[in-house]
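The values are calculated or read from the model by the stated rules, or taken from the named source; none is laboratory data. Since the model is a prediction, treat every value here as computed from it, not as a measurement. Glycine gets a Cβ as well: all are built from the backbone with ideal geometry, and neighbour counts include every protein chain shown. What goes into the accessible areas is simple: the full protein's heavy atoms, side chains included, and nothing from ligands, DNA or RNA. Shrake-Rupley method; radii C 1.70, N 1.55, O 1.52, S 1.80 Å.
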Amino acid sequence: MEIIVRAGDTFLLYSQLFSVPLDLIVDSNADTDPNLLAIGQTVKIPGYMIWQYTVQPGDTFWTLHNRFSIPLQRLLFVNPMVQPQYLKIGSILRVPVRLENQPLIRSKEYAFDELEQDINQLKSAYPFLTITEIGTSVEGKPIYMIRVGKGSRRVQWNASFHANEWITSPILMSLLNEHLWHLTNTESNSHSDRIKTYSECSLYIIGMVNPDGVDLVVKGPTEANEESVVAINNGSEDFSGWKANINGVDLNDQFPAGWELEKERTNVTSPSPRDFPGNAPLDQPESQAMAELANQIPFDMMIALHTQGAEFYWGYEGLEPAISQLYASVFSEISGYRAVRYVDSHAGYKDWFILEFRKPGFTFELGKGVNPLPLDQFSEIYNAMNPVFIRSIKGIT
């Protein structure tokens with residue numbers, strides 16, 4: 001929501017009037033000096049939107065206050081040129097409305113277009129977010145990263161390494177959406193815990209590692225890639241079992257952590273809908289981007305979302321730090337998911353993260369059933385992962 005600066009306005013006034021933390025207003029207006037506000041200047045207030053309301057017979061600011069449960073001061077503030085005692089029927093009022101706390105997911109499949117739409121909506125609603133591109137897919141789609149918070153502790157969450165596990169993307173984006181709502185709303189019961197994480201933790205969200213593969217599973221092939229993907233898929237046009245990127249490489253078998261062992265174990269030697277680790281570690285742009293990201297930013301924890309099994313993996317070759325076991329115990333208790341230390345696989349992002357950095361890394365297998373999981377599991381998965389999301393950014397002390 002954008003408002004116009006009046007004489008005597010301050011960011012502190014906006015914080016008190018709209019019940020939004022001062023830090024978030026400052027960070028939403030990074031190009032503005034809080035001490036040099038100019039009359040008529042535009043300022044962004046996170047967590048709100050403006051409704052255009054047409055005045056009806058009998059309307060007063062008081063009736064609108066009661067109808068929309070909006071403090072009178074807010075209504076008066078965003079309508080500075082309106083005389084409250086003389087509302088004209090048919091005139092337009094601006095009504096400041098706090099965004100609702102609800103998952104972003106709609107009741108439809110979730111592809112790259114939906115991700116971009118959600119990212120744009122979040123950035124508009126919460127301007128303190130930082131959106132960057134960490135790389136591009138084979139077909140040139142951006143791999144987006146969202147950052148929230150400015151603390152020294154750094155936590156990465158990612159989703160949709162595997163194409164037919166696309167439900168992990170709307171789960172992750174909805175977890176972020178709820179977190180942002182609590183951050184901006186000082187009247188929320190969990191606001192104090194959440195806002196503390198903003199100054200202590202920097203959270204990095206990669207909502208869709210494999211956008212080309214997700215689009216193939218959700219939307220089908222394009223004219224440009226149809227011939228190649230049908231050939232890789234053994235002539236079938238059913239892509240529901242496709243895990244790989246658009247080149248037929250399994251991105252979660254691409255990392256230099258026992259890659260040769262994984263190649264031998266899977267015994268898949270050419271592009272395939274699943275399990276082909278590529279011709280060499282990190283020979284795909286998506287895996288390269290994820291490795292470069294972890295090399296550039298010293299993450300203290302990494303959580304990768306996959307499906308399915310209602311369990312998570314937290315060790316690799318005995319290289320995981322001691323605190324990983326404590327996190328695993330807590331995550332299992334609050335999610336109901338089974339904690340598994342070791343599995344017979346290598347070359348995954350979690351494996352490489354632990355091997356390379358000796359920091360806690362986790363692969364969560366969300367839900368149960370056959371991939372791609374149906375959307376009717378969304379709420380159950382979301383409820384299991386929400387406390388894990390919160391604890392990961394709060395940390396364990």
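Quick notes
- The residue that is most open to solvent (accessible area, probe 1.4 Å), counting only those in the range 76-92 that are without any contact (Cβ under 8 Å) to a residue 60 or more places away in the chain and assigned to a helix (DSSP H, G or I), is Tyr86.
- Filter result for Gly315 (surrounded by 14 or more Cβ atoms within 10 Å (Cβ to Cβ), small (Gly, Ala, Ser) and within 12 Å of Pro360 (Cα to Cα)): yes
- The range 244-258, subset within 17 Å of Gly220 (Cβ to Cβ) and aliphatic (A, V, I, L, M), residue surrounded by the fewest Cβ atoms within 10 Å (Cβ to Cβ): Ile246
- In the range 175-220, the residue that is farthest from Ser160 (Cα to Cα) out of those that are buried (at least 23 other Cβ atoms within 10 Å of the Cβ) and among the small types (Gly, Ala, Ser) is Gly213.
- Pair list, Cβ < 7 Å and 6+ apart or interchain, from the range 249-271 residues that are in contact (Cβ under 8 Å) with a residue 12 or more places away in the chain to residues that are assigned to a loop (DSSP other than H, G, I, E, B) and of a type in the set (Ser, Thr, Tyr): Ala257/Tyr316; Glu262/Ser345
- When Ser324 is tested against (1) open to solvent by less than 60 Å² (accessible area, probe 1.4 Å); (2) in contact (Cβ under 8 Å) with a residue 40 or more places away in the chain; (3) in a helix (DSSP H, G or I), exactly one condition is not met: (2).
- Restricting Gly241, Gly235 to residues that are free of Cβ contacts under 8 Å to residues at least 24 places away in the same chain, within 14 Å of Pro273 (Cβ to Cβ), outside any helix (DSSP H, G or I) and open to solvent by 10 Å² or more (accessible area, probe 1.4 Å) narrows the list to Gly235.
- Cβ pairs under 8 Å, 6+ apart, first in the range 5-25 and farther than 20 Å from Val97 by Cα, second open to solvent by 60 Å² or more (accessible area, probe 1.4 Å) and part of a helix (DSSP H, G or I): Asp23/Ser199
- Within the range 49-70, residues that are touching a residue at least 24 places away in the same chain (Cβ under 8 Å) have Cβ atoms under 9 Å from residues that are surrounded by 14 or more Cβ atoms within 10 Å (Cβ to Cβ) and of a type in the set (D, E, K, R) in these pairs: Met49/Arg98; Ile50/Arg94; Trp51/Arg94; Gln52/Arg94; Tyr53/Asp59; Tyr53/Arg94; Ile70/Arg98, counting only partners at least 6 apart in sequence or on another chain.
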